[in-house]
Each structure stands twice: as structure tokens, then as C-alpha cells.
Amino acid sequence: MTENPYQSSSAADPAALQQLGQPLVDALDAYRRSHGVYPPSLEAAGAGPVNTPAGAFEYQVAQDGKRASIYIGDYAERRFRARWSSEIGWFLDE
């Protein structure tokens, strides 16, 4: 497989992406502890966007607010997706 020109050499480093995204996870967990559900948006949790060489983290929350995830990257352009799920924690799809 050839190198993807849009992916920096450290863009798919799980430890680096987790470190960049952990403040978002901490804000989401704090909101959940205070309100009983995950917030409707990162902004509602007091967390701003986090941009990285691999793009910005995106947020999804279940309609009932009981599950949430953040992710960065996409398969089509960067050939990976790093995710945090409220159900299983951090993982990297490659």
C-alpha cells in the first residue's frame, strides 16, 4: 500500500490522538456526572473544537444521551479513524 499524502507521519499515532482528545473526554464525563446524560454538543460541555494534523475531532451522542463517542480521521482520505466510545474507551480503526 502506498503512503497517503494527506496523512502526516504521526497522524494515526493512537497515543498522540488520545492525548489530544482526552480533554474532550474529560469534559464529556464531567457533564455526564453533573447532568446524568452526555451533552448535546461539545460546546455544551464547555469543550471547544480540537484541530489536529489529522483534522478535527467530531462528536456523536445517542438520542437518549446515555452513550457518546468522539472520533477523528476517516477511512476514505486518511485510512484510519481514532475513536473514543463511552462504552469501550479509546481504539484505532485501521
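Going by amide H atoms built from the backbone, whose H comes under 5 Å of the H on Trp90, apart from near neighbours?
Amide H neighbours of Trp90, under 5 Å, 5+ apart: Ser85.
Semi-axes of the equivalent ellipsoid of the range 14-80: what are they in whole Å, largest first, if each equals the square root of 5 times a C-alpha gyration tensor eigenvalue?
Calculated on Cα positions only, the semi-axes equal 22, 13, 9 Å.
Bear in mind that the values in this text are calculations on the coordinates, not laboratory data. From a predicted model like this one, the values you see are computed outputs, not experimental measurements.
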